[in-house]
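Worksheet: the structure to be examined is printed underneath.
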Amino acid sequence: MKINVLITLFFVILNPIFTFKCGSSQIKDIKINKVSQPENKRKLSTVLTPIKIKVDYSYLDSQQNSEESIINRLKKVLNKTINYFEKLLSVYHSDFFYQEEHFKTYCKIPIFDSDYRMWGLEYDIAIIPYFSDTIGTSIQAAATACVAISDTMKPKLGVIMINPKLDFSHVNSEHFLEMLFLHEISHVLIFHQAFFLSLNMMTQQIKNDEMIYYINSPTVLEKAKLHFGCKNITGIPLENYGGAGSAGSHWESRYMLGDYMIATDYPEIVISDISLAVFEDSGFYKVNYFTGGLFRFGKGEGCKFLNEKCIINGGTLFANEFCIRTQDPFCTSGHLSKGHCYIAEYPAMLNIPYQYFKNPKVGGYAPADYCPISFDNLYDNTNYYFPTNCKYGMKSMTHPDYGETVGNNSICIESSLVPTWSNQGESFRSICYEIVCNHEKETINVLISGSVVECPMAGGLIQNPSGFRGKIVCPDYNSVCTSEIWCNDPLDCIDKKVTAYINSYTYKYTLPINEKSQFIKGVSLFSIFIIIVLLF
């Protein structure tokens with residue numbers, strides 16, 4: 001049933017706030033070259049072993065672009081990232097003999113290590129990182145395979161181009177860069193349109209006068225059906241926004257927002273089972289699904305989430321993912337970060353399929369088909385990666401008077417709660433609360449200033465719980481407590497080898513938009529101040 005609500009639409013006149021973190025599809029001078037080697041040289045193993053990735057730093061060391069300390073930090077991050085892949089992926093090793101032309105002709109890089117010919121006896125693939133000015137100032141990194149076995153398309157050699165101005169000074173920079181290189185190495189291993197085409201993992205169709213590409217391989221469909229709660233999925237769309245820099249080799253953010261294989265920066269970065277299934281379906285890798293169930297965008301929302309517009313007649317069927325009033329406090333769908341509802345006025349009219357509001361220039365987050373989603377655009381994150389993250393965000397941005405806690409056991413919850421004894425106002429906010437999952441009762445205990453608010457399994461709106469004034473939007477148990485072994489972020493999940501319960505995908509609960517609207521008291525004074533400043 002379509003929900004119709006009357007809202008007053010405030011909007012901020014802003015330039016788009018997103019940046020493309022990856023330009024892998026933008027690499028024009030390097031393509032994936034197919035090479036053959038005699039069968040008697042391959043010595044194909046019959047035993048699965050953790051993937052062994054050779055990262056050769058010789059070229060990087062030869063460059064004078066950065067200080068030695070920066071290069072050493074870069075190596076440390078890349079080595080840790082390789083370790084995560086060794087925990088995620090297993091392979092059948094086959095010997096490979098590298099040739100000079102593989103580097104100089106196909107990958108267009110010099111050779112510095114004289115032992116390169118023998119790398120393929122010990123390692124499954126080699127990757128060469130180096131600084132490059134050719135990827136563009138707005139791109140943080142780009143990567144691609146450049147050599148693959150001719151008859152299987154299995155990658156054997158790849159490159160990672162790194163922006164020389166990549167900033168290591170921010171707080172949380174190592175975690176940010178680990179996720180960035182997890183993303184880039186994934187492009188070398190499988191996430192590339194050339195692989196999708198050669199391995200018959202991709203289909204296409206015209207939608208709204210645009211050619212849309214979909215991944216429709218069997219394990220991807222299986223994991224997607226479980227995640228979205230829809231039996232009729234025929235494919236997961238790839239990004240069609242951003243031109244060659246993002247389209248075709250990344251997930252479409254409208255459906256996969258927050259997954260580490262979308263093309264843009266986003267405050268919430270996790271690994272989905274759907275992305276890992278791409279590795280499985282290539283036939284090259286056996287995958288350990290150590291995701292902890294942290295990918296929650298669209299989780300359990302059913303087929304309508306994939307087929308309906310995000311905003312219909314001023315309202316939404318999916319209040320966990322999309323919002324309707326600009327700058328209203330709004331958690332990311334995975335409840336990992338605080339944010340606000342992002343709606344902006346763009347310089348020109350949006351295409352008709354993306355016009356959700358009366359003003360045809362007004363829309364949300366451009367890479368997500370202009371749908372309004374949670375984004376932390378009100379905060380100064382100049383010196384901080386993930387400033388609004390509830391696990392390791394800026395503690396100076398917290399509200400201790402409201403019981404806010406940033407730490408390993410915290411999640412984002414929308415709330416106006418204040419203790420009954422407090423003289424604080426009941427302003428609505430997205431806030432980090434420490435929680436405990438009660439797996440026996442299937443409830444969530446929210447810890448606020450030494451007191452406990454028990455959220456029922458189905459979640460929903462609770463008003464004036466014992467000891468408090470105000471309201472809290474409880475997340476449902478199955479959207480947050482996805483594993484008995486708690487993990488705080490995707491890398492923590494890999495380290496703990498966490499697997500999500502299959503039955504955690506069966507939930508279906510969405511807070512009705514009209515119920516949620518009752519306690520959202522419009523734009524806060526702070527938001528109005530921001531709007532006035534931006535307008536004048």
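The table that follows gives values for the structure above.
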read-out	value
Single unsatisfied condition, Tyr84 versus (1) assigned to a loop (DSSP other than H, G, I, E, B); (2) at pLDDT 95 or above	(1)
Lone qualifier among Pro164, Pro110 - being farther than 23 Å from Leu491 by Cα and either more than 32 Å from the chain's Cα centre (by Cα) or modelled with pLDDT of 95 or more (or both)	Pro110
Identity of the residue in the range 286-315, aliphatic (A, V, I, L, M) and closer than 17 Å to Asp369 by Cα, that ends up surrounded by the most Cβ atoms within 10 Å (Cβ to Cβ)	Ile311
Residue count for the range 419-434, restricted to those that are part of a loop (DSSP other than H, G, I, E, B) and aromatic (Phe, Trp, Tyr)	2
Output for the range 457-483, where each listed residue is more than 11 Å from Cys437 (Cβ to Cβ), in contact with a Ser or Thr (Cβ under 6 Å, 6 or more places away or on another chain) and not hydrophobic (A, V, I, L, M, F, W, C)	Gly467, Arg469, Gly470, Lys471
Only listed residue being assigned to a loop (DSSP other than H, G, I, E, B), buried (at least 23 other Cβ atoms within 10 Å of the Cβ) and not hydroxyl-bearing (Ser, Thr, Tyr), chosen from Ile274, Ile233, Ile262	Ile262
Among (1) at pLDDT 95 or above; (2) part of a helix (DSSP H, G or I), the one test that Ala244 misses	(1)
Selection count, the range 127-150, where residues are surrounded by fewer than 19 Cβ atoms within 10 Å (Cβ to Cβ) and modelled with pLDDT under 90	5
Only one of Leu78, Leu60, Leu121 that is hydrophobic (A, V, I, L, M, F, W, C) and open to solvent by 50 Å² or more (accessible area, probe 1.4 Å)	Leu121
Pairs, first farther than 24 Å from Pro490 by Cα and free of Cβ contacts under 8 Å to residues at least 40 places away in the same chain in the range 383-403, second in a loop (DSSP other than H, G, I, E, B) and open to solvent by less than 80 Å² (accessible area, probe 1.4 Å), C-beta under 6 Å, six or more apart	Asp401/Gln424
Inter-residue pairs, beta-carbon under 7 Å, first within 17 Å of Pro267 (Cα to Cα) and in the range 320-335, second surrounded by fewer than 24 Cβ atoms within 10 Å (Cβ to Cβ) and charged (D, E, K, R), 6+ apart	Pro329/Arg429
Qualifying position, being in a strand (DSSP E or B) and either over 27 Å from Ile269 (Cα atoms) or not basic (Lys, Arg) (or both), among Asn445, Asn408	Asn445
Long-range neighbours under 9 Å by Cβ, at least six apart or interchain, first residue in contact (Cβ under 8 Å) with a residue 60 or more places away in the chain and assigned to a helix (DSSP H, G or I) within the range 116-131, second open to solvent by less than 10 Å² (accessible area, probe 1.4 Å) and among the aromatic types (Phe, Trp, Tyr)	Tyr116/Tyr98; Tyr116/Phe103; Trp119/Phe96; Trp119/Tyr98
Breaking point among (1) out of contact with any strand residue (DSSP E or B) (no Cβ under 7 Å at 6 or more places or on another chain); (2) part of a helix (DSSP H, G or I), for Phe112	(2)
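The values are calculated or read from the model by the stated rules, or taken from the named source; none is laboratory data. Quick caveat: nothing in here was measured; it's all calculated off a predicted structure. When we count neighbours, we look across all protein chains shown, and the Cβ atoms used for this are built from the backbone with ideal geometry, even at glycine. Only protein heavy atoms, including side chains, enter the accessible area calculation; ligands, DNA and RNA are left aside. Shrake-Rupley method; radii C 1.70, N 1.55, O 1.52, S 1.80 Å.
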